[in-house]
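Each remark here refers to the structure printed beneath this line.
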Amino acid sequence: MWPGVLLTLGIKPLQRSPQTKLSLDNLAGTTIMILMSTQGMKMDNDLLEKIGVARHKLATDGPIRVRSAGDFERVSIGKLDGDVLRDLVLAEKARTVIEIGLAYGSSALAIAEALVTNGSGQGRHLIIDAYQNLFYGSGWSAIVEAGITGLCLLLEERSQIALPRLLSDRFLADVAFVDGSHIFHNVFVDLFYLRELVRPGGLVILDDCSYPSVATAVRYFQLNTGWEPEPIRAPTRLRAFRLPDPRTEPNFESFKPF
């Protein structure tokens, strides 16, 4: 869960767990202080079963409401891709994950399953999605149904604005999952900040690298900052990249066009 860390984000959580305490500084007009609970979430077989049931139900029945016919299948990762995502997070023994893009919640449930399985008692899942309202709150509803509101925090803000604030607050993650905007400059900015928000040697996982806009953004970081493709054994549309350890800054004289 969220240890006793005070973050000044200037953004309002769309939803929050009952254990998350908020106080507003209206004098500044924008600043919101988020005090995370210091309670831990240890390995819980009952909770794991509940998450598994929620994942199966969402994959089989879909969300209660969708934006349009076929949108859930088009936007969300499938059950098998969710298993791949879960296993990648699990293999990292991750305690903290940043996810960009909640949508209908399929990926969030897979990540949460890994964090609870890891059983470190320090699991944190920070989700950034400015457009959950367009999905009728379906993603957060899936989180509530799975019983993991104490593990997850949803920030209703564009990732390109939220991520630099997290960096200023020295937030650090073990893994990032990126499935937000597919517009090139948005993806590039997301990856630029995640390069510093994810620990050296950590993992950045992306969906939809088949889109040229996403693949081109990733390619810059491969060619110029030392990101290495992480092997994934199972067939999947996901791609994962290992960050160098230690982190190094590229020399502008050795810039590689991408």
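No lab work stands behind these numbers, since they all come straight from the coordinates. It should be emphasised that the depicted structure is a prediction, and the values quoted were computed from it without experimental measurement. Note that we place each Cβ from the backbone using ideal geometry, even for glycine, and neighbour counts take in every protein chain shown.
Out of the trypsin sites (Lys or Arg not before Pro) in the range 170-250, which ones are loop residues according to DSSP with at most 10 other C-beta atoms within 10 Å?
Loop-located and lightly packed - R170, R233.
Along Cα→Cβ, 7 Å out, is where each label goes; now give me the distance between the ones at Q222 and Q122 in nm to one decimal.
So the two model labels end up 3.3 nm from each other.
Using the C-alpha atoms of the range 39-254, what convex hull volume per residue, in cubic angstrom, is computed?
Taking only Cα atoms, the range 39-254 has a hull volume of 120 Å³ per residue.
With unit charges on the beta carbon (Lys/Arg positive, Asp/Glu negative), name the residue among S254, N118, T225 whose Cα is farthest towards the positive pole of the charge dipole of the range 102-258.
Working it through, the farthest residue towards the positive pole turns out to be S254.
By count of other Cβ within 10 Å, fewest leading, how are I161, I98, I143 ordered?
I161, I143, I98
So the label point goes 7 Å from the Cα of N251 along Cα→C-beta, right? Which residues of the range 210-229 then have their backbone N under 16 Å from it?
224-226, by backbone N distance to the label point.
Pulled fully out, how much extra length does the chain show between R242 and R170, if you take 0.36 nm times their separation in residues and subtract their Cα-Cα distance?
Working it through step by step, the gained length comes to 23.9 nm.
How many percent of DSSP beta bridges within the range 39-254 run antiparallel, rounded to 5?
30
Fully extended, how many nm does the chain gain between D83 and E49 (0.36 nm per residue separation, minus their Cα-Cα distance)?
Extra length available between D83 and E49 comes to 10.8 nm.
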